[in-house]
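Down below is the structure, laid out as structure tokens.
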Amino acid sequence: ETGVTQSPTHLIKTRGQQVTLRCSSQSGHNTVSWYQQALGQGPQFIFQYYREEENGRGNFPPRFSGLQFPNYSSELNVNALELDDSALYLCASSLYRDRGEKLFFGSGTQLSVL
Amino acid sequence: AQSVAQPEDQVNVAEGNPLTVKCTYSVSGNPYLFWYVQYPNRGLQFLLKYITGDNLVKGSYGFEAEFNKSQTSFHLKKPSALVSDSALYFCAVRDVGSYNTDKLIFGTGTRLQVFP
């Protein structure tokens with residue numbers, strides 16, 4: 001088990017709504033990234049936060065946004081939900097000096113959009 | 001663009017037999033390669049990585065991976081499979097265009113089923 005915790009574990013929303021997912025990083029980790037894992041697919045990088053600023057983004061529209069707080073916890077916000085947003089959302093933390101080399105993932109939030 | 005391919009959706013192996021989960025990559029330059037495992041209702045867990053050095057990389061839970069530059073492959077192996085190894089395995093490559101991030105490009109995953 002990693003020290004990365006995510007909440008909630010499951011969520012059901014309807015199309016057009018907004019959702020906020022939360023993540024607490026592993027102790028001592030200063031970088032958090034978010035991934036979307038659609039059914040039957042590998043995780044896809046959404047974005048990363050370091051020092052409370054976004055410092056990298058994948059191919060996701062602006063309605064996907066995030067925050068990182070001084071205690072390194074993070075939120076993922078998705079506006080105007082679409083059916084294709086249904087997926088497992090994974091948070092991962094790391095030390096910036098180890099960036100890209102070892103990620104610690106949480107168990108994810110399963111989002112269903114109806 | 002970087003990518004990894006996992007040609008097998010599922011691999012079946014009997015307990016005690018050796019296992020191989022295949023991965024090929026396409027990267028410009030030197031690749032940073034990874035294997036992660038995902039158990040049901042759990043997040044991904046890091047198994048091992050190849051950055052540079054020996055082509056045979058040893059990781060967690062007795063797994064190892066062999067980097068082959070000429071074949072652009074990074075196959076995951078274990079000499080003797082356990083039923084508890086049954087899980088979903090992902091190969092990944094670091095995105096060289098996003099050096100300052102944790103952006104990994106994952107394959108589609110291979111489900112490993114180990115039968116008693």
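Odds and ends about this structure:
- Surface composition of the stretch A:45-106: carbon plus sulfur atoms contribute 46% of the solvent-accessible area (1.4 Å probe, protein chains only, all chains present).
- As a calculated quantity, the FRET efficiency between A:SER27 and B:ASN12 at R0 = 41 Å, using C-beta atoms, amounts to about 0.55.
- Shape call, chain A: gyration tensor on alpha carbons, a/c limit 1.5: prolate
- Between A:LEU114 and A:PHE69, the modelled label-to-label distance comes to 3.0 nm, taking each label 7 Å out from Cα in the direction of the beta carbon.
- Qualifying GluC sites (Glu not before Pro) in the stretch A:1-64, where qualification requires a DSSP coil assignment and no more than 16 other C-beta atoms within 10 Å, comprise A:GLU1, A:GLU52.
- Chains A and B, summed buried accessible surface - 1.4 Å probe, Å², nearest 100: 2000
- Rough spin-label spacing in nm, given labels placed 7 Å along Cα→Cβ, for A:ASN77 and A:GLU52: 1.5
- Taking the 1.4 Å solvent-accessible surface of the stretch B:27-101 as the whole, the part contributed by carbon and sulfur is 49%.
- Interface residues in the stretch B:24-55 - accessible area drops by 30 Å² or more relative to the isolated chain, probe 1.4 Å: B:TYR36, B:GLN38, B:ARG42, B:GLY43, B:LEU44, B:PHE46, B:LYS49
- In the full protein context, chain A carries 48 Å² of accessible surface per residue, based on a 1.4 Å probe and ignoring ligands, DNA and RNA.
- Take every Cα pair under 8 Å whose residues are at least 6 apart in sequence, average their separation, divide by the length of the stretch A:15-102, and the relative contact order is 41 percent.
- Average Cα contact separation per residue, chain B, under 8 Å, 6 or more apart, as relative contact order %: 36
- Within-10-Å neighbourhood charge of B:VAL114 [Cβ basis; K, R +1; D, E -1]: -1
The values are calculated or read from the model by the stated rules, or taken from the named source; none is laboratory data. Being a predicted model, the structure only gives us computed values, none of them experimental. In this analysis, Cβ positions are derived from the backbone assuming ideal geometry, glycine residues included, and neighbour counts consider all displayed protein chains. Heads up: the accessible areas ignore ligands, DNA and RNA and are worked out on the full protein's heavy atoms, side chains in. Shrake-Rupley method; radii C 1.70, N 1.55, O 1.52, S 1.80 Å.
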